Every structure is written in C-alpha cells, then in structure tokens.
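Okay, structure first, notes after.
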Amino acid sequence: MEEFKSFKRWIFSVSNENFNERALLLFRFQAVHNMVYRSYLEKIGCRPEKIDKIEEIPFLPISLFRTSEVKTGQWKEEIIFLSSGTTSMTRSRHFIPELDFYHKTCLEIFRMYYDDPSKYVILSLMPSINENPSSSLIQMVNYLANKSGSPDSGFYLGDLQFLRKVINRLQKTGNSRLIIWGITYALLDLAASSEMDLTDCIVIETGGMKGRREELIRREVHEILKKSFQISSIHSEYGMTELHSQTYAKSNGRFQAPPWMKILTREINDPLGINNNSKYGAVNIIDLANFQSCAFIATEDVGIVHNDGMFEIIGRMDYSDVRGCNLLLN
C-alpha cells in the first residue's frame, strides 16, 4: 500500500508536537485495514470517526497476537517473531514484512541512548541467532553486535569463563567501550561465578527470571549486580515480540520511550477504562513503527507513568502466561 511508504517516511520525524496527529491518522487507517483490530473495534462498539484524542483510542489486547494474524493490509512476511515460551504455550506471533526496517528501528533507538554501535564491543549473555532466530530480542542484539564491527562482539551464554577472559583482555587494552547485555538470570550467574570490576562497562539487563532462579524484583537484581560488578548503575531494556520499538533505562529503572512511542495506563480491572485518577495501572503502548501490524496494544504488564513521561514496569498481571526472556532457550 502506498500509505505504508508514507508512514515509514515520517516515523523517525515524529515529535511531541505531531505525535497525536500522526497517531490518530494511523488509528483511523488501521481501524479500516487491520481486520483483527477492525473486528475488535466493532465488537466493543467503537466508532473510529468519533475518536479525536489518543486517550480515547481502544487498545488491542495483546493476547490476540497469540490467536490471530495481526496485519494491516495484505502482504507476505519476511520473518515471524515468536514470543518466549514453552512448547505447551500458545506463543505470540508478530509478522514482519521487512526485517531491514525492524533493524533500522533498533539502530535508531540504540543511537538515541548510546551512540553508534561501532563505538562499542557488545558481549551478549543470551542464546545466539542460530539457536533462536525467531526472537526479536536476539535479532536486535545480533544486528547491533554485527554493526559494532568488533570480532569480539557476539554471544557468550554457554561459556562464562571464556567471557571473563575476553572482558579482562579488552579491559587491559583500554581501546574499547564494553556493553555486557544479558538475560537477567544469566547476568546473575555471571555475578555468582566471581566478582568482577566492570567499572568502565555498561551492563544491560533485559528481564527473564521465571523457572531459573528465585523470583526477584528488578531493584533487588540491580543491587546484586551492582555489588558484584562494582558499578553504580545497571541499565535495562524493555521491549516485546509484538512491538517494533524498544526503550532503555539507564538508572532508577525509569524508561524513556523514543519519540514515536508513548506509554499510557488503564484501569487494571477495566480494559477500556482510562486511568485518569492515577498514573499506576495496566500498560497500554502506542508504537507508531507498528504501522503494518497494530500500533495500539493493551499489554499484560503493570507500570507507572511519571509526570515527565518516563515510566517504570512494576510487574505482570496475575492471569498472564509465564513469559520472559529466560525462556528464549525453548
């Protein structure tokens, strides 16, 4: 569709000033051309022509990515991202028409937070791209590691001892900025194996504990890692299979979304209720980069949106499936 070219052209020029206008434009387009979203809107009695504020937009329950092909228009996908899970679970599917555009989105966001990946060596504690090519997280980290241009960038989940040797060698040369990017339980395994001085490194955790270790809140995880790695802060990455975009927190667990992404909250017990009285609630996400799937998603996460627009993820709703990056191996 010609409209897709238009949406793609303006994604990276979205700003606070034009976000609402473009979000409403995309909503009205998807309300017609996304059959799953259109059916959902009809069932809840929504009339898209009556919507004139982003807070009034109904958000598609994320569970529908597990049961339906959520596509805007008709096209053939290049790859299907699958959510983490076991073989007994029905996993979410995100149909991606252009892997190159997903990579470009990841790169633009990474540059916003950290500069160009060529400035870093990226050491990953998660399964490799060959082990799990359908993971959006692994696709992103593999792409950024390749863009770093360093032969040391790559995946080290299976050999923590070798990873420590690589880190020590790179620290001695002093020529490289290091990012150690890992699933939470794998970072805790590295921390438990021996204390390390990672003062000059960036450590990014990306979630994933269930079924591997005793469940800990993010703050507890960060305190353990900071003490073992002798650093003042742990960074976090927040994303999901159903999105094109990610967001990062450099300290205090507060995430800052890219300009084309906005976090809202809804009443936990009312999926259509706007959270007017409190900024704590179930998380709704607008990701305008999802113009070929659905840009308006009601997640199963619980969070807080602060006055400055930054947000925290507190946990998951009780009825949600057990999901997490720790299950990437399955």
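Exactly one residue among Ile109, Ile167 is assigned to a helix (DSSP H, G or I) and surrounded by 22 or more Cβ atoms within 10 Å (Cβ to Cβ), and that residue is Ile109.
Of all the criteria given as (1) in a loop (DSSP other than H, G, I, E, B); (2) of a type outside the set (D, E, K, R); (3) free of Cβ contacts under 8 Å to residues at least 12 places away in the same chain, the one not satisfied by Phe162 is (1). Does at least one position in segment 211-234 carry a residue that is of a type outside the set (D, E, K, R), in contact with a Phe, Trp or Tyr (Cβ under 6 Å, 6 or more places away or on another chain) and either assigned to a loop (DSSP other than H, G, I, E, B) or crowded, with 18+ Cβ neighbours inside 10 Å (or both)? No: segment 211-234 contains no residue that is of a type outside the set (D, E, K, R), in contact with a Phe, Trp or Tyr (Cβ under 6 Å, 6 or more places away or on another chain) and either assigned to a loop (DSSP other than H, G, I, E, B) or crowded, with 18+ Cβ neighbours inside 10 Å (or both). Tell me whether segment 137-157 contains one or more residues that are surrounded by 14 or more Cβ atoms within 10 Å (Cβ to Cβ), touching a residue at least 12 places away in the same chain (Cβ under 8 Å) and part of a strand (DSSP E or B). The answer is yes, given that some residue of segment 137-157 is surrounded by 14 or more Cβ atoms within 10 Å (Cβ to Cβ), touching a residue at least 12 places away in the same chain (Cβ under 8 Å) and part of a strand (DSSP E or B). Within segment 68-95, if we keep just the residues that are open to solvent by 10 Å² or more (accessible area, probe 1.4 Å), out of contact with any Lys or Arg (no Cβ under 6 Å at 6 or more places or on another chain) and not in a loop (DSSP other than H, G, I, E, B), the residue that is nearest to Leu41 (Cα to Cα) turns out to be Arg93. Taking residues in segment 47-67 that are in a loop (DSSP other than H, G, I, E, B), and partners anywhere that are open to solvent by 40 Å² or more (accessible area, probe 1.4 Å), the pairs with Cβ atoms closer than 7 Å and at least 6 places apart or on different chains are Pro58/Ile44; Pro58/Leu272. Taken over segment 76-111, the residue count meeting the criterion of being under 22 Å from Ser148 (Cα atoms) and within 15 Å of the chain's Cα centre (by Cα) is 9. When Ala289 is tested against the conditions (1) open to solvent by 30 Å² or more (accessible area, probe 1.4 Å); (2) in a loop (DSSP other than H, G, I, E, B); (3) modelled with pLDDT of 90 or more; (4) among the hydrophobic types (A, V, I, L, M, F, W, C), the lone failure is (1). Taken as a whole, the structure places Leu60 among residues that are over 15 Å from Ile179 (Cβ atoms), of a type in the set (A, V, I, L, M) and surrounded by 20 or more Cβ atoms within 10 Å (Cβ to Cβ). Out of the residues in segment 170-189 that are free of Cβ contacts under 8 Å to residues at least 60 places away in the same chain and part of a loop (DSSP other than H, G, I, E, B), which is surrounded by the most Cβ atoms within 10 Å (Cβ to Cβ)? Filtering segment 170-189 for residues that are free of Cβ contacts under 8 Å to residues at least 60 places away in the same chain and part of a loop (DSSP other than H, G, I, E, B), the one surrounded by the most Cβ atoms within 10 Å (Cβ to Cβ) comes out as Ser176.
The values are calculated or read from the model by the stated rules, or taken from the named source; none is laboratory data. Because the structure is a prediction, the values reported are computed rather than measured. Because the Cβ atoms are built from the backbone with ideal geometry, glycine has one as well, and the counts that use them run over all protein chains shown. We work out accessible area using only protein heavy atoms, side chains counted, and drop any ligands, DNA or RNA first. Shrake-Rupley method; radii C 1.70, N 1.55, O 1.52, S 1.80 Å.
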